[in-house]
1. Of a type outside the set (Lys, Arg) and at negative phi, is that true of residue 432?
2. Write out, first by first residue and then by second, each pair whose Cβ atoms fall under 7 Å of each other, whose residues are 6+ apart or on separate chains, and whose first residue, in the range 77-93, is in contact (Cβ under 8 Å) with a residue 24 or more places away in the chain and among the aliphatic types (A, V, I, L, M) while the second is assigned to a loop (DSSP other than H, G, I, E, B) and open to solvent by less than 60 Å² (accessible area, probe 1.4 Å).
3. Does the range 302-335 hold any residues that are β-branched (Val, Ile, Thr) and open to solvent by less than 10 Å² (accessible area, probe 1.4 Å), and which are they?
4. How about the range 41-144: which strands (runs of 3 or more DSSP E) wholly inside it have at least 1 residues that are open to solvent by 80 Å² or more (accessible area, probe 1.4 Å)?
5. Quick check on the range 368-386. Is at least one of its residues open to solvent by 10 Å² or more (accessible area, probe 1.4 Å), at pLDDT below 95 and part of a loop (DSSP other than H, G, I, E, B)?
6. Collect the residues in the range 246-301 that are part of a strand (DSSP E or B), over 12 Å from the mean Cα position of the chain (by Cα) and buried (at least 24 other Cβ atoms within 10 Å of the Cβ), keeping them in residue-number order.
7. Return the total of residues in the range 387-427 being under 32 Å from the mean Cα position of the chain (by Cα), part of a loop (DSSP other than H, G, I, E, B) and within 20 Å of residue 347 (Cα to Cα).
8. Has the range 430-446 got any residue that is out of contact with any strand residue (DSSP E or B) (no Cβ under 8 Å at 6 or more places or on another chain) and either open to solvent by less than 30 Å² (accessible area, probe 1.4 Å) or closer than 20 Å to residue 317 by Cα (or both)?
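The values are calculated or read from the model by the stated rules, or taken from the named source; none is laboratory data. Since this is a predicted model, take the numbers as computed values, not measurements. FYI the Cβ positions are ideal-geometry reconstructions off the backbone, even for glycines, and counts take in every protein chain you see. Side chains included, ligands, DNA and RNA excluded: accessible areas come from the protein's heavy atoms. Shrake-Rupley method; radii C 1.70, N 1.55, O 1.52, S 1.80 Å.
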Amino acid sequence: SVAKARGRTRRAIRGPLGRRIALGAAVAAVAVALLVALPSVTHQTRPSAIAPPSPRVFVPPTGIPHDCSADAGMLLRSWLWSLPHGTPARPLVVDFPAHACYVVNESLYLRGLTNTTLNGRNATFRQVMPTVQSIGPLPTVSPYCGSDIDKESGTAISAIPIIWWFEGGCDITITNMVIIGPNTSGVVGSQNNSGIQLSGVQRAVIRGVTINNVDGDFVTLSGLHEAGSGQASFPTTYATIRGNSFSRSGRQGITPEFVNHVSITHNSVRGVAASVIDLEADAVGGCACNVTVDRNTFAGLAPYLVAGITGLSIRHFDFTDNRLVDGAQLKIQLAPQLPSSDVVISGNTGSTGSTWPWPSVGIAYSIRGDSAGPLDGVRVSANSFPAPSGGRPFVRAGKQSSNVGVSHNVIPRGNQSTTLLNDGGASNHACSNRARVGDPAFDGPC
């Protein structure tokens, strides 16, 4: 804040009861003499306001092919590496030519970016022939902001062709671009070249991006890749994925693993080959913590809507106010191996019941059976979906579940046996669920 300088204020000298005291001539003369003898006082000046950030804006050289006539990946990556680091006072902005087109068969692997905005200005980044490439020597920088980890600086790595890959770094924005992969058939591809991957990035925004036809995920959020088995100690934190359009992936939709504070909101997602939201990691350890999936539109059939059959701990996961269309089904399976807690599944709507031989929602339960880890504190409420086929329960709570509440859902064709199959503790309950709005609750009031 800007401190206020104190100006001089004249005050009348007052005696008891606030009456003014008249100074005699002699007293006044002494006062004047003292003032003359005192050294001069310099007035305090008002501090200047804090200067706003002054961005440094860069545009790719025209010599880098930007009409999709030739592969631009290596040239573009080298140029990006040559740019200065952004700072809070001097953030870096990369403005791509409006509606340009870059062929990127190798990975645009960027290590340790700080205070950087990549503004595509509707440019397209197209992968035609995914190419694994040795990249290096890597920029000399400690990639995880606030840590001195620096395992691969100055070396080369063999980078799988993730189109935009951010290794560490902080305060990064990716906006207004189109990313197109080679998987035009929409079937399972090579499963590793995602559209965007954040590996141990702190504070990132992906906004206004279109991603189509990738072999891997639309977006992967994970721990610092360089940390190897220690990814859990270097998670991606405070990432926002907002207002994007994603269509046809060969693997997952969005994968938040080894993360803390991720917001996935107001996106359109369709055509996912495996899990739309994948809270999964193969290794045991780490957390998918504070993940919010809110007000998105999910279209089309996928094996899972949310998959959490994982070695991670799942804590503070919200899946709220999402809309399922074009046959999308509420198929959520949360079966973590580590203790997990605080899950909210609420306000979601759709017109197609689950057709797998599973419930719509599995809590501490999946097709593989009960989870190894306990899952405590789950609220499934105010959703509107038809009952699963075959008379299966709307929610199945496994033996490791506790404090599961299923309430105020509208479940067409539902009944008490449909609502909750409970193998968990006595703290699990179902109430105030209805087959139609306005109908009495088929499982009693809450």
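1. no
2. Taking only residues 6 or more apart or on different chains, the pairs are 89/54; 92/83; 92/84; 92/86.
3. 306, 310, 314, 332
4. 56-58, 67-71, 114-126, 133-135
5. yes
6. 246, 249, 269, 272, 275, 276, 278, 298
7. 7
8. No, there is no match, as no residue in the range 430-446 is out of contact with any strand residue (DSSP E or B) (no Cβ under 8 Å at 6 or more places or on another chain) and either open to solvent by less than 30 Å² (accessible area, probe 1.4 Å) or closer than 20 Å to residue 317 by Cα (or both).
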